[in-house]
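A.B. asks: My structure is below; once you've seen it, I'll send some questions.
The values are calculated or read from the model by the stated rules, or taken from the named source; none is laboratory data. None of the values given here were measured: they were computed from a predicted structure. Here Cβ is always computed from backbone atoms with ideal geometry, including for glycine, and neighbour counts include all displayed protein chains. Keep in mind that these areas ignore ligands, DNA and RNA; they rest on the heavy atoms of the full protein, side chains included. Shrake-Rupley method; radii C 1.70, N 1.55, O 1.52, S 1.80 Å.
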Amino acid sequence: MSSLHRAALLIGGATSLLAATPLAAQKKEAPEFTRQGIIVPNFEFPAGQDRKIGRRAGDAVRDRVEGLVNDREAQVLSGGEMRFRLEQGGFDPDAPLDAGALRTMVKYLRADEVITGDAWRDAAGTHLRARLVLARDRNLRQLLPVVVAPELDRAAEQLAREVTAARAQLAPQRRCENALREGKGSRAIAEARAGIAAYPRSTLARTCLMWALDRTGAPAASQLEVAREILAIDSSFTHALEGAAIALARLDRPAEAAGYWLRLAATDTNDLELLGRVITAIAEIGQSPRAVPLALPAIAKYPSNVELRRLAWRVTWESRNWKEAVRIGDLLFGTPEHPGDPEVLADPGFHRRLASAYKANGQPLQAVEAAARGVMRFPDDAMLYALYTQFVRAEADSALPRGLALFPKSAELYALRAQDLRARGRTAEALEATRQAVGLDSTFAQGELAIAQGEFELGRPGSALAALHRGLARGGDTATIAQFALGKGNALYRAANGTRAKRDYELALRFVALADSVRSSGQAKFLLGAVALGTAQATLTEAANVANAGGPASKVQGCTLAREGAGWLPVARSALEAGAAVAPDVVGQMAGPVGQLEEVAGRQSQVLCSPA
């Protein structure tokens, strides 16, 4: 049978004991307050002591308090009745009641006051340490001075007098609380001070004074003063700890306030409501790091408590404890064993903060993932999408360097880095990255094409052409290489038409000729004919210019150029005819210049190449 069940049996039918009032008393003037019921259970005792000392101490104190109180104001449940009820409930009459059984007895007996205590003996005599507790709030208590006497009876007498003295504050204290309920703050303060005057060591009347000062808007310093007076008497008095913390926060002394909140939490580590209230209060005053040591063990002990997880997430995030913040943030999504937190998950701000926590914790991939998950849940949230975009861009900047540090032999990563650098206009660096990729993987066919592009952009077309030939030798895609070479040849041809320089036409011709040799087409033939025609014309023009310079050497050089120019004309005629379908009108227009240049070439050769 549980102690609570036994307590329920124990108090069966006992509720009438404290409610009974002599008929004669009803004819007298009604008292200010209803008669208070007082319970004095067995005292606690330390291990190694005579186990009957607790019952004897409770009996002795009970009897003496009963003899001292005004029976019109209070009634004490007798020792015999207490023992009878304990035995009827199946309790050991020598053992103290546990907290649950005591609360049950108090509830069913409608007691108002409880005197609990400890008893032990040593060489100095019998020691009794007790407290007067108001049943309606177990945190409203009055510590009594420890008494020591050679005999238990004498110690009980001293303690009973202390109880009687302490009870002198109760009537003013009740008047103070009544005044507060009626909104009469000034009267409440006066009654509380009267209670303190009646019992200078008062914690109960001082508590009401502290509350009254708060209600009337008194300075926080005065509330703090009263709270500290209470704590000087009872260092773990919960209402005073909370009052001091609140007053210090109002005085803008958050670090000190957090200290009092932590002391309050330590008074009952099993009270989850208190724990949550303390963590919240500490966070509200900007002291979240002080709450982390409370929150982390709490969620480990109570993993299914969603409210605690939510608070732990808040204080770790506000403390910039990123490692724990991301761990707890993920827990809020739920696990197979424990539910998620719908309230938090419905807040887009949570997803933004979680993504930011991952980023700050050095987990950029998880940051992008968390932001993306948030965007999926809240597609209309611009701030969340902006954060996602920011993280994606940042990851693009850091992913490749990080990947190359992890995989320094990866040709694919070097190729990606080259693409990224090229997109940023850093052509020389992109070319070097491409060379590294090709060096690591010679089968990387597109690598030589990328090298050719880089060399061309850097103004080194000869090196670009060499890269194309290497690409062909390594089995590169002929169609792609031909298209690339044809495009570059066309660009060089247009440039040569501007300079009319023989070397510029020749460079264009090398690219076009490569394209035609790799993958011949009507377009390649047409362009080859046009470039060959331009090369022939520029060569014959240069031959004439050299010849005009005069001298035997110039004649020899001019002859060579004239024959070279003449040699390009059949190439031009043949290629243009092969590509005539691409641009028949243009080819028809070029037929005349080809014939004219053939005549020019014949004359030059006759003049420059004949013996002197």
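A.B. asks: Within the range 362-466, which helices (runs of 4 or more DSSP H) (wholly inside it) include 3 or more residues that are among the charged types (D, E, K, R), more than 25 Å from Q483 (Cβ to Cβ) and open to solvent by 50 Å² or more (accessible area, probe 1.4 Å)?
C.D. replies: Values: elements: 364-377, 382-406, 411-423, 427-440, 445-457.
Per the criteria, 364-377, 382-406.
A.B. asks: Sticking with this one: Inside the range 557-573, can you point out the residues that are within 14 Å of L528 (Cβ to Cβ) and at pLDDT 85 or above?
C.D. replies: W568, L569, P570, V571, R573 - these are the residues of the range 557-573 that are within 14 Å of L528 (Cβ to Cβ) and at pLDDT 85 or above.
A.B. asks: In the range 264-301, what residues are of a type in the set (D, E) and open to solvent by less than 50 Å² (accessible area, probe 1.4 Å)?
C.D. replies: To start, the set of residues in the range 264-301 that are of a type in the set (D, E) comprises 268, 271, 273, 284.
Of everything in the range 264-301, those that are of a type in the set (D, E) and open to solvent by less than 50 Å² (accessible area, probe 1.4 Å) turn out to be D268, D271.
A.B. asks: Further, regarding this structure: Here are some residues: G592, G550. Which one is small (G, A, S) and either under 60 Å from the mean Cα position of the chain (by Cα) or at pLDDT 80 or above (or both)?
C.D. replies: Values: G550 fails: either under 60 Å from the mean Cα position of the chain (by Cα) or at pLDDT 80 or above (or both).
Testing whether each residue is small (G, A, S) and either under 60 Å from the mean Cα position of the chain (by Cα) or at pLDDT 80 or above (or both) leaves just G592.
A.B. asks: Among the residues of the range 250-263, how many are open to solvent by 40 Å² or more (accessible area, probe 1.4 Å) and either touching a strand residue (DSSP E or B) at 6+ places or on another chain (Cβ under 7 Å) or among the hydrophobic types (A, V, I, L, M, F, W, C) (or both)?
C.D. replies: Looking only at that region, the number is 3.
A.B. asks: Return yes or no: is T104 buried (at least 17 other Cβ atoms within 10 Å of the Cβ), on the phi < 0 side of the Ramachandran plot, of a type outside the set (A, V, I, L, M) and assigned to a helix (DSSP H, G or I)?
C.D. replies: Against the criterion (buried (at least 17 other Cβ atoms within 10 Å of the Cβ), on the phi < 0 side of the Ramachandran plot, of a type outside the set (A, V, I, L, M) and assigned to a helix (DSSP H, G or I)), T104 qualifies.
A.B. asks: Next question. Would you pick out the residues in the range 373-391 that are hydrophobic (A, V, I, L, M, F, W, C) and in contact with a helix residue (DSSP H, G or I) (Cβ under 6 Å, 6 or more places away or on another chain)?
C.D. replies: Matches in the range 373-391: V375, F378, L384, L387, F391.
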